[in-house]
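Readers should treat all values here as calculations from the given coordinates under stated rules, not as data from a laboratory. The structure displayed is predicted, hence computed values, not measured ones. Note: ideal-geometry Cβ built from the backbone for every residue, glycine included; neighbour counts use all protein chains shown.
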Amino acid sequence: KSSLLLAVAAVGFVAALSALVVVDETEHVVITQFGRPVNVLSEAGLHGKLPAPIQRVTRIDKRILFSEQPSTELLTSDKKNVVVSTYLSWRIADPLRFLTSLRTREAAEARLAALVQSELGSTLGNAAFSDVVPAPTDGGGLEAVEARVQKACQDAAARDFGIDVVGFGVTRLGYPSQNLQSVFARMRAERERLA
């Protein structure tokens, strides 16, 4: 009898432990019951749920995440090829929508990269190179491009994926390597003409 009581107590103890969820302040916890989400816990602390076979826990990072977008060659409205490298900072604002649409950080980064590529291509395609990189006396035009792309990405990501785009910026903007020699030759000719 004592070994049976000990076994029942051990099973009860394990079931009680599996009914407790510790939520860290850096994460959202989505509780699913038979694969369907039933609760989202975002407050840090100790919470309860049904034991493990019935309800399972999925942890989602709620910190601000950072991803660099690969360099891509785009065309401005005045038919100039430019190479653009960008970064994106984002966080998961709606865990349920994120879980149902993307599930993983890798999937989110791939979808966000495609979204940035599309919006950046559209924005630069409607702007002349001289508007994006104006003369020093005219003021910067790259900030307007960054703000427009961030706003468009923010709206689409929140609506479709439950992601809040916190920041977007261009880290490099230049000519493709095959165009650099001709650009330098034109600059040299212009300086010689002025001299």
Study note, to complete from the structure: Inter-part gap, Cα centre of the range 1-26 to Cα centre of the range 42-106, in whole angstrom, is 34
Check your understanding: Taking only DSSP H segments of four or more residues, each worth -39500 (n - 2.57), what value at 222 nm results for the chain once the sum is divided by all its residues, to the nearest 500 deg cm²/dmol?
Key -> -14500 deg cm²/dmol
Revision key, fill the gap. Computed from the beta carbon distance with a Förster radius of 41 Å, FRET efficiency for R36 and S77 to the nearest 0.05 stands at 0.30
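Which whole-number percentage describes the relative contact order of the range 7-55, with Cα contacts under 8 Å and a sequence gap of 6 or more? Please report the intermediate quantities before stating the final value.
Values: 65 pairs, mean separation 20.0, N = 49.
About 41 percent, as a whole number.
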Exercise for review: On a 0 to 90° scale, report how tilted helix 105-125 is relative to the longest principal axis of the chain, with both axes built from alpha carbons and the result rounded to the nearest 10.
Suggested key: 20
**Study point:** Proximal lysines relative to K151, as straight alpha-carbon distance under 27 Å, when same-chain residues fewer than 8 apart are discounted
**Key:** K62, K79, K80
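Quick one: compute the contact order of the chain, relative version, from alpha carbon pairs under 8 angstrom and 6+ residues apart, as a percent.
Numbers: 287 pairs, mean separation 38.0, N = 195.
That works out to 19 percent.
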Exercise for review: Return the single residue from G174, G48, G125 with maximal mean-square fluctuation; model: Gaussian network over the chain, springs between Cα atoms under 10 Å.
Suggested key: G48
Review point. (i) 9, 32, 31, 18, 7, 3, 0; (ii) 8, 25, 22, 16, 12, 8, 5, 3, 1, 0, 0; (iii) 8, 31, 34, 19, 7, 0: which one is P(r) over Cα pairs in 10 Å bins from 0, in percent as calculated from this entry?
Key: (ii)
Review point. Ordered by packing density, taken as the mean number of other Cβ atoms within 10 Å over each peptide's residues, highest first, how do 58-70, 145-157 rank?
Key: 145-157, 58-70
Check your understanding: Given a Förster radius of 25 Å and the C-beta distance between R63 and R159 as r, what FRET efficiency does 1/(1 + (r/R0)^6) yield to the nearest 0.05?
Key -> 0.70
